[in-house]
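What follows is a short report on a single structure.
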Amino acid sequence: MYSLFSFIHPPITMELSSLLHDLHLSSSDKSLLPSSLPPITELLTVLQEKLTGASSDSEKNSLIGRVESFFLTADPNWLFPSASEANQDAGWVELQAAYSSVVCALIGCAVLPLCEDDCSSLPASAYQSVPSRAEKVCVALNALLGTLGNRGGLDDLLLAVAPPICVFAVTHFQDQVWTNSSSQAAAQCLQEALLRAGGWRDSSHLLMGDGSREDEKGGGTNRGIVGGILDVLQPHLTKEKWHRCEAVKLVFAWTLLQVTRPSLSLHLHRFFPFSLLLNDHFRPENSILGVRCLHHIVLNTPAADLRQFNRAEVVYQALFKHLYTTEAAVIQPVLTCLLDLMLVLEKSPSSLAPSSSPRKPCRHDDVLRLMLTHMEAEHKVALRRVYASALPLYIDRMGVVVCRHLKRLEQVMLGYLEVKDPPEEMSRLNVLEALQKTIRAAWPRISCRVTVLLRCLLKLLLDVSSDSQLSDSVRQQLMNQTTLCIKQLDDVSHGNLQPLLLQVDSSCCSSEVLSYLSTITITTDR
């Protein structure tokens with residue numbers, strides 16, 4: 001007859017014996033027989049109760065350390081009996097529930113403190129004890145995954161514990177106020193141990209599995225755990241609760257951004273509401289995260305699914321209202337997302353076939369009109385740069401339909417070209433690009449505006465050539481792009497600018513400007 005010692009590695013025999021005794025799961029007889037070992041589910045239940053009931057940090061740390069040793073040293077055949085050894089389906093379900101409870105209890109030892117409201121964040125001092133506890137929990141869970149991964153044939157058990165472990169790892173491997181370098185490294189190791197245990201290639205494979213609908217319903221670790229992660233997060237994703245824990249939005253966003261086509265469509269009904277909730281929040285950092293989530297949904301969901309239940313229109317309205325904000329960090333992703341979203345709702349104006357009847361205004365017109373209105377009166381440098389960088393993209397999308405906005409567009413571009421934007425001059429460079437696209441798209445309407453535009457461009461050449469604060473590379477870019485605009489204007493006017501350009505001499509400008517202008521006349525002569 002075998003003794004208890006055959007169930008554990010010899011060096012740690014007394015550790016398990018002591019643990020069983022402390023948990024009141026063994027008699028005082030030190031010569032325990034196999035029959036005296038309690039069922040693993042009974043031991044896990046008591047461990048879960050002890051971990052949950054621990055009140056002091058020292059007690060929690062001691063328990064976590066003993067759980068780590070327990071998973072490292074106990075016999076895997078006793079820790080993880082196979083489904084056949086569990087005898088009944090109910091026993092197998094009980095085993096999965098027991099391990100899930102212990103995992104959640106371990107994670108609860110390093111739970112983040114909750115904020116009292118959504119108007120403020122907790123101070124860094126509130127998280128002072130979290131990193132060290134999180135590091136210990138990571139090590140204990142790593143021991144569990146190492147033993148579980150080596151056992152084999154326990155895919156259902158691994159899939160049961162993987163979602164909360166993944167949520168915990170993602171919470172702590174990010175650079176946040178509740179982490180430090182040690183806890184981040186431990187959490188990253190935990191995530192890697194989880195991937196190894198299930199044979200997943202990377203985080204995306206962990207979440208989505210092999211990507212087919214059959215895999216979502218089938219067994220094995222080829223099935224992703226994104227549904228399980230959403231089950232863990234779901235109770236916290238309500239309007240009343242999500243802001244109380246700082247990590248919830250970060251784990252949600254990390255999860256969503258890992259899920260792509262076609263898996264995202266399967267879980268769209270769960271990702272969509274909270275993404276809108278983030279987008280609508282009054283704090284800019286939350287709005288930015290929400291816009292990023294919505295943009296990912298737009299890019300990775302079929303247009304038909306987005307139009308279903310009017311989702312695309314809801315997203316459009318939610319994003320459009322951000323155009324009235326004065327936060328440059330919010331406006332930039334919103335303008336980019338709107339470009340992709342509007343193609344779901346309507347055809348690109350530049351792709352429409354010519355028509356004898358006037359085209360009806362569309363959402364592209366609404367967005368560009370509001371952009372130009374804000375650009376005209378904007379004085380904040382950051383916002384001017386954001387609007388200027390987006391303008392060429394919108395003009396490209398509008399095509400010839402940009403003629404509807406030509407008067408306002410001309411005023412905006414002339415105003416932006418007159419104002420310096422050191423040191424990179426990105427606003428001027430982007431507006432020059434927008435002007436070139438406008439000339440190409442709406443050239444029949446440009447001829448009557450050539451004189452005004454030429455005067456502004458020549459003045460820009462003179463200003464740039466005499467600006468000693470500009471670097472040589474930026475000056476060259478500005479002068480090249482300005483010269484290209486003048487060349488386009490000359491083409492539109494069928495060479496009628498040549499006499500005017502030839503009248504420019506050294507009495508009114510530098511030799512550098514004359515050199516750039518000469519390239520226009522030489523090219524035209526050829």
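The values are calculated or read from the model by the stated rules, or taken from the named source; none is laboratory data. For clarity, every value in this text was computed on a predicted model and none was experimentally measured. Here the Cβ is made from the backbone with ideal geometry for all residues, glycine too, and neighbour counts use every protein chain on show. Side chains included, ligands, DNA and RNA excluded: accessible areas come from the protein's heavy atoms. Shrake-Rupley method; radii C 1.70, N 1.55, O 1.52, S 1.80 Å.
Does at least one position in region 248-262 carry a residue that is of a type in the set (Gly, Ala, Ser), touching a helix residue (DSSP H, G or I) at 6+ places or on another chain (Cβ under 7 Å) and surrounded by 21 or more Cβ atoms within 10 Å (Cβ to Cβ)?
There is no residue in region 248-262 that is of a type in the set (Gly, Ala, Ser), touching a helix residue (DSSP H, G or I) at 6+ places or on another chain (Cβ under 7 Å) and surrounded by 21 or more Cβ atoms within 10 Å (Cβ to Cβ).
In region 394-421, the residues that are within 14 Å of LEU368 (Cβ to Cβ) reach residues that are open to solvent by less than 10 Å² (accessible area, probe 1.4 Å) and not in a helix (DSSP H, G or I) with C-beta atoms within less than 8 angstrom, at least six apart or across chains, in these pairs: VAL400/ALA442; VAL402/ALA442; CYS403/ALA442; LEU406/ALA442. Return a yes/no flag: does region 277-286 have any residue that is open to solvent by less than 30 Å² (accessible area, probe 1.4 Å) and more than 30 Å from GLN174 (Cβ to Cβ). Scanning region 277-286 turns up no residue that is open to solvent by less than 30 Å² (accessible area, probe 1.4 Å) and more than 30 Å from GLN174 (Cβ to Cβ). The number of residues in region 138-167 that are without any contact (Cβ under 8 Å) to a residue 60 or more places away in the chain and assigned to a loop (DSSP other than H, G, I, E, B) comes to 1. Restricted to region 72-91, and to residues that are open to solvent by 30 Å² or more (accessible area, probe 1.4 Å) and among the aliphatic types (A, V, I, L, M), which residue is modelled with the highest pLDDT? Per the criteria, the residue is LEU72.
Take GLY211 and decide whether it is open to solvent by less than 30 Å² (accessible area, probe 1.4 Å), modelled with pLDDT under 95 and more than 14 Å from ASP156 (Cα to Cα). Talk me through it step by step, then tell me what you get.
Values: open to solvent by less than 30 Å² (accessible area, probe 1.4 Å): yes; modelled with pLDDT under 95: yes; more than 14 Å from ASP156 (Cα to Cα): yes.
So GLY211 fits the description; yes.
If you go through region 92-124 and pick out every residue that is open to solvent by 40 Å² or more (accessible area, probe 1.4 Å), within 18 Å of VAL46 (Cα to Cα) and among the β-branched types (Val, Ile, Thr), you end up with 1. Between PHE309, PHE320, the distinction of being without any contact (Cβ under 8 Å) to a residue 60 or more places away in the chain, in a helix (DSSP H, G or I), closer than 21 Å to LEU372 by Cβ and open to solvent by 20 Å² or more (accessible area, probe 1.4 Å) belongs to PHE320 only.
How many residues are among the hydrophobic types (A, V, I, L, M, F, W, C) and over 41 Å from the mean Cα position of the chain (by Cα) if we restrict to region 436-456? It would help to see each step written out before you state the result.
Residues of region 436-456 among the hydrophobic types (A, V, I, L, M, F, W, C): 439, 441-443, 446, 448, 450, 452-454, 456.
In the following step, the residues that additionally are over 41 Å from the mean Cα position of the chain (by Cα) were identified as 446, 448, 450, 452-454, 456.
Going through region 436-456 one residue at a time, the tally reaches 7.
Residue pairs whose Cβ atoms lie under 9 Å apart, separated by 6 or more positions or on different chains, with the first residue in region 50-66 and surrounded by 12 or more Cβ atoms within 10 Å (Cβ to Cβ) and the second modelled with pLDDT of 90 or more and aromatic (Phe, Trp, Tyr), do not occur.
Might you let me know whether region 435-446 holds any residue that is open to solvent by less than 30 Å² (accessible area, probe 1.4 Å), of a type in the set (Gly, Ala, Ser) and in contact with a Gly (Cβ under 7 Å, 6 or more places away or on another chain)? Yes: one or more hits. Residues that are assigned to a helix (DSSP H, G or I), at pLDDT below 70 and exposed (fewer than 14 other Cβ atoms within 10 Å of the Cβ) within region 512-526 comprise ILE522, THR523, ASP525, listed in sequence order. Can you confirm whether ARG369 is in contact with a helix residue (DSSP H, G or I) (Cβ under 6 Å, 6 or more places away or on another chain) and of a type in the set (D, E, K, R)? In short, no.
Of all residues in region 473-511, those satisfying the criterion of being exposed (fewer than 12 other Cβ atoms within 10 Å of the Cβ), modelled with pLDDT under 90 and part of a helix (DSSP H, G or I) are PRO499, LEU502, SER511.
So for region 352-365 (the condition being at pLDDT 95 or above and open to solvent by 30 Å² or more (accessible area, probe 1.4 Å)), does at least one residue qualify? Scanning region 352-365 turns up at least one residue that is at pLDDT 95 or above and open to solvent by 30 Å² or more (accessible area, probe 1.4 Å).
Only residues that are open to solvent by 30 Å² or more (accessible area, probe 1.4 Å) and modelled with pLDDT under 95 were counted in region 219-234, giving 3. Kindly evaluate ASP467 against the criterion of being modelled with pLDDT under 90, in a helix (DSSP H, G or I) and either on the phi < 0 side of the Ramachandran plot or open to solvent by 40 Å² or more (accessible area, probe 1.4 Å) (or both). Considered against the rule, which asks whether it is modelled with pLDDT under 90, in a helix (DSSP H, G or I) and either on the phi < 0 side of the Ramachandran plot or open to solvent by 40 Å² or more (accessible area, probe 1.4 Å) (or both), ASP467 comes out as no. Figure legend. Inter-residue proximity from region 465-485: first residues hydroxyl-bearing (Ser, Thr, Tyr), second residues open to solvent by 10 Å² or more (accessible area, probe 1.4 Å) and part of a helix (DSSP H, G or I), beta-carbon distance below 7 Å, spacing 6+ or different chains. Indicated pairs: SER465/GLU512; THR483/TYR516; THR483/THR519. Just one of (1) crowded, with 18+ Cβ neighbours inside 10 Å; (2) within 27 Å of GLN191 (Cβ to Cβ); (3) of a type outside the set (Phe, Trp, Tyr) fails for VAL334. It is (2).
For (1) more than 29 Å from SER350 (Cβ to Cβ); (2) of a type in the set (Ser, Thr, Tyr), each residue gets a yes or a no:
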{"position": "ARG455", "(1), (2)": "yes, no"}
{"position": "LYS459", "(1), (2)": "yes, no"}
{"position": "SER468", "(1), (2)": "yes, yes"}
{"position": "CYS485", "(1), (2)": "no, no"}
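Do the conditions hold for GLN184, that is, is it at pLDDT 95 or above, at negative phi, open to solvent by 40 Å² or more (accessible area, probe 1.4 Å) and not aliphatic (A, V, I, L, M)? Against the criterion (at pLDDT 95 or above, at negative phi, open to solvent by 40 Å² or more (accessible area, probe 1.4 Å) and not aliphatic (A, V, I, L, M)), GLN184 qualifies.
Let me confirm something: among ARG201, ARG196, which residue is in a helix (DSSP H, G or I) and either of a type in the set (Lys, Arg) or exposed (fewer than 15 other Cβ atoms within 10 Å of the Cβ) (or both)?
After applying the criteria, what remains is ARG196.
Within region 120-134, residues that are in contact (Cβ under 8 Å) with a residue 24 or more places away in the chain sit with their Cβ atoms under 7 Å from residues that are surrounded by fewer than 15 Cβ atoms within 10 Å (Cβ to Cβ) and assigned to a helix (DSSP H, G or I), at 6+ positions apart or across chains, in these pairs: SER129/ASP57; PRO131/SER182.
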